[in-house]
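The values are calculated or read from the model by the stated rules, or taken from the named source; none is laboratory data. Only a predicted model underlies this, so the values are computations on that prediction, with no experimental measurement involved. Methodologically, a virtual Cβ is constructed for each residue, glycine included, from the backbone with ideal geometry; neighbour enumeration extends over all protein chains shown.
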Amino acid sequence: MTSVDMGIPVVRHRADDVSDRPDVPELLDRFGRVARDLRVSLTEKCSLRCTYCMPAEGLPEIPRAKLLTTDEIVRLVRVATGRLGVHEVRFTGGEPLMRRDLEDILAGCARETPGLPMALTTNGVGLEHRARALAGAGLTRVNISLDTLDREHFARLTRRDRLGSVLAGIRAAAAAGFARIKVNAVLMPETLAGAADLLEWCLAEGVELRFIEQMPLDADHTWARARMVSAEALLDVLGQRFTLTETEREDPSAPAERWFVDGGPATVGIIASVTRSFCADCDRTRLTAEGTVRSCLFSDRETDLRAALRGGASDDELAALWRGAMWNKWAGHGMDAADFAPPQRSMGAIGG
Ligand code: SAM
Ligand code: SF4
């Protein structure tokens, strides 16, 4: 069944083929991977317009009636943790801080699943004013996106002059007591020259910097492999100022390769999703803001839990639909294939 949401066609499946699936509760796929890390997109709205993610005018608005409500999100997270073996949830978007009920969502999930690690991926704009309330609501970890310390480059890349607010947000997160704050920087040709300055700043602030290779997930479809900055090019640039010593990944499914900086203990990470794909160890499952399950960033197949939920499905029925969606997860993103086509939805519309 194909429908049009947010101006793009999305393939939706009422039920996936699970005839050959073993009867296990976890989110197992045909390649033996088990998804335990849930990413929940809360909105398509954003305070920035990063060129590698959003169109200049922003994404088409999701009608309010199609957006998952606070209670629906809390319920689906409870189904994931209680029935499907999900260990950790990360809220993302769009920009999750654009949702006024973010604290309520966190508090609801903490109430339903005590002890659940809950993380946030945010651009940091306005975080300054909410960091304490988020910590109080049960948020355990924060990743903040920041590509450059150069105000002009920042404004050009994000199409908004909000660098000051992001820096204030990072400091507010530290003041609110979040441990191990991570900063994510997408590797772009315009920001490569400033990468060492960004690392120096993060070291001084006591936050952990991770660079991410740009993926073909921009709404404008301008990504080109030839223009992409690789992990290798970054290591060359950082190596001119720092001594980098490769260290182990935190766990096999952690996407970042890590290097000690000048002997450690501080590290810098690189998520080389394009040149050193980690699909074979992927343990992610994704819920879009409209309540569809996506098994992979790069697959347009989506399973509609919102319709099932609003149609009166029980928790067991929702769990069964979710298992079916994940059973059919692809082996990998396929970026190296000659016939690779980027997904219809951009990063901000899926939830990064
Ligand atoms: N708005 C929040 C933020 O920027 O952190 C959360 C959503 S954003 C889509 C999640 C992460 O995806 C950010 O760290 C962002 O830099 C990254 N991202 C967006 N587009 C990307 C792309 N084309 N390739 C790689 N990473 C991307
Ligand atoms: Fe917004 Fe995050 Fe996408 Fe930038 S990367 S446009 S901040 S959703």
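Quick check on this structure: which one of 303, 285, 275 is outside any strand (DSSP E or B) and surrounded by 14 or more Cβ atoms within 10 Å (Cβ to Cβ)? Outline the logic, then answer.
On the way: 303 fails: outside any strand (DSSP E or B); 285 fails: outside any strand (DSSP E or B).
275 is the lone residue from the list that is outside any strand (DSSP E or B) and surrounded by 14 or more Cβ atoms within 10 Å (Cβ to Cβ).
Taking first residues from segment 292-305 that are within 10 Å of residue 322 (Cβ to Cβ) and partners that are surrounded by fewer than 20 Cβ atoms within 10 Å (Cβ to Cβ), the Cβ contacts under 6 Å between residues at least 6 apart in sequence or on separate chains come to 303/13. The condition of being over 20 Å from residue 111 (Cα atoms), at pLDDT 95 or above and within 16 Å of ligand 1 (Cβ to nearest atom) holds for only one of 46, 53, that being 46. Out of everything in segment 123-137 that is more than 16 Å from ligand 2 (Cβ to nearest atom) and of a type in the set (Gly, Ala, Ser), what residue ends up being surrounded by the most Cβ atoms within 10 Å (Cβ to Cβ)? In this case the residue turns out to be 131. In the set (1) within 16 Å of ligand 1 (Cβ to nearest atom); (2) free of Cβ contacts under 8 Å to residues at least 24 places away in the same chain; (3) not β-branched (Val, Ile, Thr), the condition left unmet by residue 38 is number (2).
So that you can scan it fast, the table gives a plain yes or no per residue for (1) outside any loop (DSSP other than H, G, I, E, B); (2) surrounded by fewer than 17 Cβ atoms within 10 Å (Cβ to Cβ); (3) away from ligand 2 (no atom under 16 Å from the Cβ):
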| position | (1), (2), (3) |
| --- | --- |
| 107 | yes, no, yes |
| 110 | yes, no, yes |
| 116 | no, no, yes |
| 121 | yes, no, no |
| 139 | no, no, yes |
| 143 | yes, no, no |
| 172 | yes, no, yes |
| 177 | no, yes, yes |
| 197 | yes, yes, yes |
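Among residues of segment 43-73 being of a type in the set (A, V, I, L, M) and out of contact with any Asp or Glu (no Cβ under 6 Å at 6 or more places or on another chain), the one that is farthest from residue 313 (Cα to Cα) is 56.
Restricting attention to segment 145-176, the residues being away from ligand 1 (no atom under 15 Å from the Cβ) and in contact with a helix residue (DSSP H, G or I) (Cβ under 6 Å, 6 or more places away or on another chain) number 7. In segment 79-93, the count of residues that are in a loop (DSSP other than H, G, I, E, B) and within 13 Å of ligand 1 (Cβ to nearest atom) is one or more. Of all residues in segment 207-250, those satisfying the criterion of being away from ligand 2 (no atom under 16 Å from the Cβ), loosely packed, with under 14 Cβ neighbours inside 10 Å and in contact (Cβ under 8 Å) with a residue 40 or more places away in the chain are 225, 232, 240.
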